[in-house]
Amino acid sequence: MEKGSLLYEGKAKRVYATEDPALLIVSYKDDATAFNGLKRGTIEGKGVINNRMSNALMRYLAKEGIPTHYVKELNDRDTLVKKVKIVPLEVIVRNMAAGSFAKNYGVEEGTAFDSPTIEFSYKNDALGDPLLNEYHALALGLAAPEEIEEIKTLSFRTNELLKAFWLARGVTLVDFKLEFGRLPDGSIILADEISPDTCRLWDSETGKKLDKDRFRRDLGGVEEAYREIMGRLEDRTEADGAAADENR
Ligand code: TMP
């Protein structure tokens, strides 16, 4: 499948048309931004890692029953995905206080919750992605009530699956952001990416941050952290694959 015209360029990805109107090609860049584009930089090799990690996670989620936009990895940076209309909500699931939650509510980072929590932001760069509740989303016509219910169900299920996936690799899933899209038949599927750009991933033993917070907070070792988290994913996933082969 060849790239057609460039449809959209975001902060970290480009989106191209293909000869099939139902499919798009997403191409991951090394560009990084934070604080709604105020901070800019490059994380060398990030595009390759985010592409491959997001695809591996989407394949795992799909196998476990989560519908996703993933179709096929074309090369290190490019992936074929189903074309959707993105629901303009950023869905954030948290297992522990960190980032804006820790700051807004005066809770120490790393404080675990008894059960996961969820929040929505209005995906709108001009407004700075403001936090909103479900009733605000309905008032703004961003999604239908059934869609919001479906998004919450899929998000919490995704959290359980990703938490277990990372736990097996010695990593704590602190929080993450998801985006959903609508297919032409109206069904809701997981879209966008799941990567160290969109998740907080801490080493379970040491608490070392293995995600984009190293860039956001100028902690150093950004590229190394991306490589380390990708290594954790690949080592264990290969071991799982070998074990599955032996059991056949
Ligand atoms: P926050 O604590 O800054 O609200 O971030 C929560 C999670 O969402 C964290 O894992 C990082 C991710 N995130 C994005 O993917 N995109 C964004 O624009 C923001 C602000 C956060």
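The values are calculated or read from the model by the stated rules, or taken from the named source; none is laboratory data. Everything numeric here is computed off the predicted structure, so don't read it as measured data. Here the Cβ positions follow ideal geometry from the backbone for every residue, glycine too, while neighbour counts run over all protein chains shown.
Among what's in segment 55-97 and is in contact with a Ser or Thr (Cβ under 6 Å, 6 or more places away or on another chain) and small (Gly, Ala, Ser), pick the residue that is farthest from Pro21 (Cα to Cα).
That would be Ala97.
Can you tell me which residue among Ser155, Ser195 is in a helix (DSSP H, G or I), buried (at least 20 other Cβ atoms within 10 Å of the Cβ) and hydroxyl-bearing (Ser, Thr, Tyr)?
Just one listed residue meets the conditions, Ser155.
Answer yes if at least one residue in segment 2-23 is of a type in the set (D, E, K, R) and touching a residue at least 60 places away in the same chain (Cβ under 8 Å), and no otherwise.
Let us first name the residues in segment 2-23 that are of a type in the set (D, E, K, R), namely 2-3, 9, 11, 13-14, 19-20.
Imposing the further condition that a residue be touching a residue at least 60 places away in the same chain (Cβ under 8 Å) reduces the set to 3, 13.
For segment 2-23, residues of a type in the set (D, E, K, R) and touching a residue at least 60 places away in the same chain (Cβ under 8 Å): present.
Hey, among the residues in segment 30-60 that are in contact (Cβ under 8 Å) with a residue 24 or more places away in the chain and of a type in the set (D, E, K, R), which one's surrounded by the most Cβ atoms within 10 Å (Cβ to Cβ)?
Of segment 30-60, the ones in contact (Cβ under 8 Å) with a residue 24 or more places away in the chain are 32, 34-37, 39, 41, 43-58, 60.
Retained after the next criterion (residues that are of a type in the set (D, E, K, R)): 39, 44, 46, 52.
On the way: Lys39: 12, Glu44: 11, Lys46: 26, Arg52: 19.
For segment 30-60, the residue satisfying everything is Lys46.
Counting just the residues of segment 92-104 that are surrounded by fewer than 18 Cβ atoms within 10 Å (Cβ to Cβ) and small (Gly, Ala, Ser), which one comes out nearest to Ile148 (Cα to Cα)? Steps first, answer last, please.
From segment 92-104, those surrounded by fewer than 18 Cβ atoms within 10 Å (Cβ to Cβ) are 99-100, 102-104; that's our starting set.
Still in the list and also small (Gly, Ala, Ser): 99-100, 102.
Numbers: Gly99: 24, Ser100: 22, Ala102: 25 Å.
The qualifying residue nearest to Ile148 (Cα to Cα) is Ser100.
Does Gly220 satisfy being without any contact (Cβ under 8 Å) to a residue 24 or more places away in the chain, of a type in the set (Gly, Ala, Ser) and either touching a His at 6+ places or on another chain (Cβ under 9 Å) or not in a helix (DSSP H, G or I) (or both)? Full working, then the answer.
Working: without any contact (Cβ under 8 Å) to a residue 24 or more places away in the chain: yes; of a type in the set (Gly, Ala, Ser): yes; either touching a His at 6+ places or on another chain (Cβ under 9 Å) or not in a helix (DSSP H, G or I) (or both): yes.
It is true that Gly220 is without any contact (Cβ under 8 Å) to a residue 24 or more places away in the chain, of a type in the set (Gly, Ala, Ser) and either touching a His at 6+ places or on another chain (Cβ under 9 Å) or not in a helix (DSSP H, G or I) (or both).
Name every residue in segment 64-88 that is part of a strand (DSSP E or B) and crowded, with 22+ Cβ neighbours inside 10 Å, in order of residue number.
So the first thing to find is which residues in segment 64-88 are part of a strand (DSSP E or B), and the list is 68, 70-73, 78-82, 85-86.
Once the filter is applied, which keeps residues that are part of a strand (DSSP E or B) and crowded, with 22+ Cβ neighbours inside 10 Å, segment 64-88 yields Thr68, Tyr70, Thr79, Val81.
Name the pairs: first residue in segment 163-181 and at positive phi, second residue away from the ligand (no atom under 12 Å from the Cβ), Cβ to Cβ under 7 Å, at least 6 apart or on different chains?
From segment 163-181, the pairs are Gly170/Asp203; Gly170/Ser204; Gly170/Glu205; Gly170/Arg232.
Any residue at all in segment 196-206 that is more than 12 Å from the ligand (Cβ to nearest atom), of a type in the set (Asp, Glu), within 15 Å of Lys46 (Cα to Cα) and at pLDDT 95 or above? Before you say what the answer is, go through the steps one by one.
Filtering segment 196-206 down to residues more than 12 Å from the ligand (Cβ to nearest atom) leaves 203-206.
Then keep just the ones that are of a type in the set (Asp, Glu); that gives 203, 205.
Still in the running and within 15 Å of Lys46 (Cα to Cα): none.
Within segment 196-206 (the criterion being more than 12 Å from the ligand (Cβ to nearest atom), of a type in the set (Asp, Glu), within 15 Å of Lys46 (Cα to Cα) and at pLDDT 95 or above), the answer is no, since none of the residues qualifies.
Condition check: outside any loop (DSSP other than H, G, I, E, B), more than 26 Å from Lys13 (Cβ to Cβ) and among the acidic types (Asp, Glu). Does Glu160 satisfy that? Write out each step before concluding.
Working: outside any loop (DSSP other than H, G, I, E, B): yes; more than 26 Å from Lys13 (Cβ to Cβ): yes; among the acidic types (Asp, Glu): yes.
So Glu160 passes the test.
Quick check on Asp129: is it in contact with a strand residue (DSSP E or B) (Cβ under 6 Å, 6 or more places away or on another chain), touching a residue at least 24 places away in the same chain (Cβ under 8 Å) and assigned to a loop (DSSP other than H, G, I, E, B)?
On the way: in contact with a strand residue (DSSP E or B) (Cβ under 6 Å, 6 or more places away or on another chain): yes; touching a residue at least 24 places away in the same chain (Cβ under 8 Å): yes; assigned to a loop (DSSP other than H, G, I, E, B): yes.
In short, yes.
Within the bounds of segment 174-184, is there any residue that is surrounded by fewer than 21 Cβ atoms within 10 Å (Cβ to Cβ), more than 15 Å from His69 (Cβ to Cβ) and more than 11 Å from the chain's Cα centre (by Cα)?
Within segment 174-184, not a single residue is surrounded by fewer than 21 Cβ atoms within 10 Å (Cβ to Cβ), more than 15 Å from His69 (Cβ to Cβ) and more than 11 Å from the chain's Cα centre (by Cα).
One residue is enough: does segment 151-166 have a residue meeting the conditions within 11 Å of the ligand (Cβ to nearest atom), closer than 18 Å to Ala97 by Cα and not basic (Lys, Arg)? Reasoning before the result, please.
Our first condition is that a residue be within 11 Å of the ligand (Cβ to nearest atom); within segment 151-166, this holds for none.
Checking segment 151-166: not a single residue is within 11 Å of the ligand (Cβ to nearest atom), closer than 18 Å to Ala97 by Cα and not basic (Lys, Arg).
Kindly indicate which of Ile66, Ile25, Ile49 is within 16 Å of the ligand (Cβ to nearest atom) and of a type in the set (A, V, I, L, M).
On the way: Ile66 fails: within 16 Å of the ligand (Cβ to nearest atom); Ile25 fails: within 16 Å of the ligand (Cβ to nearest atom).
Just one listed residue meets the conditions, Ile49.
Only one of Tyr70, Tyr135, Tyr122 is hydroxyl-bearing (Ser, Thr, Tyr) and in contact with a Leu (Cβ under 8 Å, 6 or more places away or on another chain); which? Explain how you work it out, then say what you get.
Numbers: Tyr70 fails: in contact with a Leu (Cβ under 8 Å, 6 or more places away or on another chain); Tyr135 fails: in contact with a Leu (Cβ under 8 Å, 6 or more places away or on another chain).
Exactly one of Tyr70, Tyr135, Tyr122 is hydroxyl-bearing (Ser, Thr, Tyr) and in contact with a Leu (Cβ under 8 Å, 6 or more places away or on another chain), namely Tyr122.
Every residue, every condition in (1) outside any loop (DSSP other than H, G, I, E, B); (2) within 11 Å of the ligand (Cβ to nearest atom); (3) loosely packed, with under 13 Cβ neighbours inside 10 Å, yes or no:
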| residue | (1), (2), (3) |
| --- | --- |
| Ala62 | yes, no, no |
| Glu90 | yes, yes, no |
| Val107 | no, no, no |
| Glu119 | yes, yes, no |
| Tyr135 | yes, no, yes |
